[in-house]
Each structure stands twice: as C-alpha cells, then as structure tokens.
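**Q** Please read through the structure below; I'll follow up with questions.
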Amino acid sequence: TRSLLRSVISTMPLLRNGEYNEYMNYHPIINYFVREGVPIETVYLLLMLPVIATLVAFFRQVVGIKAFGIYTPSIITFAFLAFGEKGLKYGIAIFFAVIGMGILSRYLLRAFRLLYLPRVAITLSIISITVLAILAFGASLQRTGIAAVDIFPLLILITLAEKFIATQIEQGTRTALFLAGETLIISIIGYFIIGWPALRYFFLQYPWVILMTFLINIGLGKWSGLRLTEIFRFRHIFKQES
C-alpha cells in the first residue's frame, strides 16, 4: 500500500520549492505536515481513504452493490489514479484484461485438476505475461503513457485475479462477473471523487470533516431499511400491495 501511494503521488503535482505559499491558506495542521516534510499529496490521499471506504460501505448497505469487499474497490481506485492523466482508460483496459484472462485460465486449467494455490499461481503468471504483452503493444503504438505505468498499480490489478477466481469457485462465474462489474463501478466513482479539485481543496482546508465518516458509518451500521436494489427487485410486489 505504501508503494502504491508513492506511485499515485508520482503522477500528481507535487509541492516544489518556492510554491509553499499556494498552500498557506490550508488548515494549520495540513501546513504543519507539509513543513515537516510530508508531501501534500500523501496527506490528501490518506484523508481520502476513509471517504472511499465509506463510499463502498454506502453502496453495500444502502444501494445493495456488494463488490469484492471494501478493501479491493478502495485500492483499485488508488491504482487507477496511479496510471496518470489517462489512468481511468488504461486502468479499465488492464482490469478487463485481468478478468478475461482469469476466466480463460480457469477453463484451460480445469482439465489438469490442480489444487487451488498452484492453479492461482499459474493464472497469475499467465495474466502477468498478458499485461506485459499489452504494455509492449501500447509501446509499439507510441502509447507511452501505458508503457510507462508503474509496477505497483499493475500488481494491484493483477492480484485482483485471485479474488475473482476464489469467487468463481465458491459462487460461480456469473456471480464473480457481477461482483467484478460492481467493483469496477465503485472504483470509477471513487476515481472521480478523489480527482475532483473542489473536494481536494475542501478536505485540505477542513480536514476535521473526515471525522464525519465515523458518524456516517455508525449510521450505515444500524441501517435496517431495504436497499435500492431490493426495492427495484421487488417493485412488482410493492405495486400489487399498493
């Protein structure tokens, strides 16, 4: 996770010498962190992690989108950021490549009747070679952005395959695809939230607002109403009762 944060930070505008005055109107505690040598982007990303985690919890409890837990969509959001200016396009391409090769590898290896861990190891190897081929193909097309992607966001997306395969084995391919799609949706929304300049300025100006996520999660933890997906699913029953 620390390496991923470094990758994200390297793709975002850093605080350079003589530019500190730009941040003088931020909250005093933010200015203190910067004076002590903590990069402003590191501060911002760490502040946004509770926001993204709360977003995932909201989608799970209120909307009904499950995704692959809470950690996977959160970390994929930061992986998308680490791809740079065109991170979303490249990130989604790698995401689909990982999922596609995960499905293909499972069916190709089914005849060998391998144990779980060796099968996952082979799958990760196949996906790694596939991603390397995608990078080489991008470089041949003069797509220097994707060819120069840092290794850590790639590793994050590649390890998504293990979560996908485990879900395939336990709940079937259809469920795994649904969860992968839901994870992608949440990650894309999180990507736009973190990249929103107005929100960035707001949290650096008022970092104490992050404490509101505790209250929001307490409320989500006590949520007992129907989820939006359940309302849509049982809409015909509600119409008959009304």
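The values are calculated or read from the model by the stated rules, or taken from the named source; none is laboratory data. Please read all numbers here as calculations on a predicted model, not as lab measurements. In this analysis, Cβ positions are derived from the backbone assuming ideal geometry, glycine residues included, and neighbour counts consider all displayed protein chains. For accessibility, only protein heavy atoms count, side chains too; no ligands or nucleic acids. Shrake-Rupley method; radii C 1.70, N 1.55, O 1.52, S 1.80 Å.
**Q** How much length, in nm to one decimal, is gained on full extension between N25 and A139, taken as 0.36 nm per residue of separation minus their Cα-Cα distance?
**A** 36.8 nm
**Q** At I169 and A111, where each label point lies 7 Å from the Cα along Cα→Cβ, what is the point-to-point distance in nanometres?
**A** In this crude spin-label approximation the distance works out to 2.1 nm.
**Q** Between Y206 and A121, what is the FRET efficiency for a Förster distance of 45 Å, r being their Cβ-Cβ separation, to the nearest 0.05?
**A** Computed FRET efficiency for Y206 and A121: 0.45.
**Q** Moving on to the next point. Keeping every protein chain in place, order S74, S224, S140 by accessible area at 1.4 Å, biggest value first, i.e. largest first.
**A** Descending accessible area places them as S224, S140, S74.
**Q** Starting from 0.36 nm per residue, how many nanometres of slack lie between R35 and I231 once their C-alpha separation is accounted for? Intermediate values should be presented prior to the final figure.
**A** On the way: separation 196, 0.36 × 196 = 70.56 nm, distance 5.06 nm.
Length difference between fully extended and current span is 65.5 nm.
**Q** Leaving out same-chain residues fewer than 8 places away, which lysines sit with a Cα under 24 Å from that of K89?
**A** The reachable lysines, counting only those whose Cα sits under 24 Å from K89, are K66, K163.
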